[in-house]
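Reading through the structure tokens given below for one structure.
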Amino acid sequence: MTTSRARISKAVIPAAGLGTRFLPATKATPKEMLPVVDKPAIQYVVEEAVNAGLSDVLMITGRNKRSLEDHFDRNYELEQILHAKGDDDRLRKAQESTDLATMHYVRQGDPKGLGHAVLCAAPHVGDQPFAVLLGDDLIDPRDALLTRMTDVQQEHGGSVIALMEVDPSSIHLYGCAAAAPTGDDDVVRVTGLVEKPDAADAPSNLAIIGRYVLDPAVFEVIAKTEPGRGGEIQITDALQTMATDPSIGGPVHGVVFRGRRYDTGDRADYLRAIVRLACEREDLGPDFRAWLRAYVSEEMQSR
Ligand code: UTP
């Protein structure tokens with residue numbers, strides 16, 4: 001069995017999708033740059049990687065995505081103006097994203113699917129296990145999902161995916177895992193995967209969410225994976241091959257996440273993320289909560 005338990009130090013963030021669910025906002029702006037309160041969604045994702053000890057970040061980008069690179073680069077003009085004004089607080093905010101991690105970028109060319117985006121990372125990643133964080137999936141900063149996943153990978157080797165229990169009526173929106181229990185309440189052994197199944201055919205209500213720790217054997221498998229649902233090369237299809245044949249890159253485990261997660265590429269979930277994170281902010285929270293309470297009671301009276 002070829003499976004690596006080397007320390008994980010690299011994170012790959014696919015952010016080359018077209019973001020069509022968020023048109024027209026995403027016509028010229030990447031959806032990953034949409035602000036969640038006052039920070040672009042992508043900055044939360046990079047912060048999450050860094051908090052899990054992964055400070056080498058490769059972002060997969062594409063056309064219209066230059067602002068992603070600019071956001072993690074310096075803006076000397078802005079910094080000079082804030083410095084001259086003595087506005088240290090805003091200067092710190094402008095510099096925060098620059099100093100976070102060592103950033104690398106590669107362009108995907110045609111967005112041929114998530115599997116294809118991950119394959120673009122092969123030359124940078126090499127032969128070590130690595131993490132994948134979807135650029136439009138936001139995990140609440142207080143829920144250390146990725147750290148738990150890297151711990152599970154160190155214990156079992158192979159690959160680890162993040163799963164979340166969803167209502168069976170919405171499983172058709174996700175990749176879905178067939179799973180067997182392990183000795184750990186939050187860890188399952190994944191025995192099969194299927195992309196966006198109908199509720200009647202779904203092997204469970206465990207949905208795949210946007211965090212993965214992958215054995216590098218995945219690259220070879222993706223390269224041989226034919227386009228699947230939607231004509232895209234799906235990471236789920238490659239992982240299905242690995243889950244059913246542990247001689248390729250070791251076993252696949254799942255961490256069942258019970259914390260807070262938002263799909264910022266989905267309009268309603270994006271709004272929920274903003275409200276929740278704004279309520280919890282020390283600077284904005286008290287006033288915003290008071291306004292929200294008044295707004296909700298007004299709404300209830302008028303219905
Ligand atoms: P999504 O399917 O949510 O992204 O992919 P999308 O295609 O941009 O979304 P819609 O449905 O058109 O609104 C999940 C993640 O994978 C990335 C996306 O950027 C997103 O972070 N992705 C997807 C790529 O990097 N390349 C692709 O070819 C597809």
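The values are calculated or read from the model by the stated rules, or taken from the named source; none is laboratory data. Predicted model, so just to flag it, every value in this text is computed and none were measured. We place every Cβ from the backbone using ideal geometry, glycine too, and count neighbours over all the protein chains shown. Heavy atoms of the whole protein, side chains included, go into the accessibility calculation; ligands, DNA and RNA do not. Shrake-Rupley method; radii C 1.70, N 1.55, O 1.52, S 1.80 Å.
Tabulated values for the structure
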| read-out | value |
| --- | --- |
| Cα→Cβ-extended label distance, 7 Å offset, between residue 7 and residue 110, nm | 4.1 |
| For the chain: relative contact order, % (alpha-carbon pairs under 8 angstrom, 6 or more apart) | 23 |
| Most fluctuating residue given options 234, 154, 80, as computed from a GNM of the chain linking Cα atoms under 10 Å | 80 |
| GNM result for the chain, Cα springs below 10 Å: residue of 275, 160, 45 fluctuating most strongly | 275 |
| Whole-angstrom gap from region 104-149 to region 1-73, using each part's C-alpha centre | 8 |
| Accessible surface, the chain, averaged per residue in Å² (probe 1.4 Å) | 49 |
| Shape category assigned to region 1-120 from the gyration tensor of Cα positions, a/c cut at 1.5 | oblate |
| Antiparallel bridges, percent of DSSP beta bridges restricted to the chain (to nearest 5) | 60 |
| Region 52-204 - share of DSSP beta bridges that are antiparallel (%, nearest 5) | 55 |
| Relative intensity, log₁₀ I(q)/I(0), of the chain from a Debye sum that treats every alpha carbon as a point, q = 0.07, 0.12 Å⁻¹ | -0.28, -0.82 |
| Value at 222 nm in deg cm²/dmol, rounded to 500, when DSSP H runs of n ≥ 4 in the chain each add -39,500 (n - 2.57) | -10500 deg cm²/dmol |
| Contour minus Cα-Cα distance for residue 302 and residue 84 (0.36 nm per residue) | 73.4 nm |
| Within the accessible area of the chain (1.4 Å probe), percent carbon and sulfur | 50 |
| Which of 280, 47, 79 is most accessible, then next, and so on - probe 1.4 Å | 280, 47, 79 |
